[in-house]
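Written below as structure tokens is the structure these notes are about.
The values are calculated or read from the model by the stated rules, or taken from the named source; none is laboratory data. This is a predicted model, so every value here is computed, not measured. Virtual Cβ from ideal backbone geometry, glycine too; neighbours counted across all protein chains shown. The area values use the complete protein model at the heavy-atom level, side chains included, leaving out ligands, DNA and RNA. Shrake-Rupley method; radii C 1.70, N 1.55, O 1.52, S 1.80 Å.
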Amino acid sequence: RDNAIQNEKLAQNLIDGFDKEALRVTLERAKTAYDTGEALFVDVRSLGEFESSRIPDSILIPVGGIKGNEPNVPKDTLIFTYCTWPAEQLSARAAEYLDSVGYTNVYAGIGGFAAWKNAGYPTTAGQ
């Protein structure tokens, strides 16, 4: 919980000031994209949370360190960001930031990782 609070504070300091409302993606649409391999999933939580449980094949870019560590993919790649928070606070900030630096197809997952896991969708753990 302390890591999540620290991550939230870092995210606010990094990304505050963006007025654009981050686009959202429904859980069902995210699952379809996962099944077809059409999207890059970016976990913006802490390393510990990522190693504990995550969406398989997702990459970790903690939101507090996203500036300068953007995904090394074409700017029009379909990207779904996700975090722990059900209201997508961190993933929305990450999506807003990526949008602001030119990524044109980025969305925050509605309900966060908790909704994904609660739906019984695939998860994995470890490094």
Review point. Can you name every residue in region 56-69 that is under 17 Å from L23 (Cβ atoms) and in a loop (DSSP other than H, G, I, E, B)?
Key: I66
Review point. So which residues in region 87-97 are of a type outside the set (S, T, N, Q) and surrounded by fewer than 24 Cβ atoms within 10 Å (Cβ to Cβ), if there are any at all?
Key: A87, E96, Y97
Review point. Within region 95-111, how many residues are touching a residue at least 40 places away in the same chain (Cβ under 8 Å), within 19 Å of R29 (Cα to Cα) and touching a strand residue (DSSP E or B) at 6+ places or on another chain (Cβ under 8 Å)?
Key: 6
Review point. Before we move on, is A94 at pLDDT below 90, part of a helix (DSSP H, G or I), of a type in the set (A, V, I, L, M) and closer than 23 Å to Q127 by Cα?
Key: no
Review point. Quick one: is T84 part of a loop (DSSP other than H, G, I, E, B), open to solvent by 40 Å² or more (accessible area, probe 1.4 Å) and not charged (D, E, K, R)?
Key: yes
Practice item. Only residues that are open to solvent by 50 Å² or more (accessible area, probe 1.4 Å) and either assigned to a strand (DSSP E or B) or of a type in the set (S, T, N, Q) (or both): list them for region 44-55, please. Key: S52
Check your understanding: From the set of residues in region 98-111 that are surrounded by fewer than 16 Cβ atoms within 10 Å (Cβ to Cβ) and touching an Asp or Glu at 6+ places or on another chain (Cβ under 7 Å), which is modelled with the lowest pLDDT?
Key -> T104
Check your understanding: Quick one: F80 ticks every box in (1) touching a Gly at 6+ places or on another chain (Cβ under 7 Å); (2) at pLDDT below 90 bar one, so which box is it?
Key -> (2)
Check your understanding: Just one of A119, A114, A125 is surrounded by fewer than 16 Cβ atoms within 10 Å (Cβ to Cβ), under 13 Å from S58 (Cα atoms) and either without any contact (Cβ under 8 Å) to a residue 60 or more places away in the chain or of a type outside the set (F, W, Y) (or both); which is it?
Key -> A125
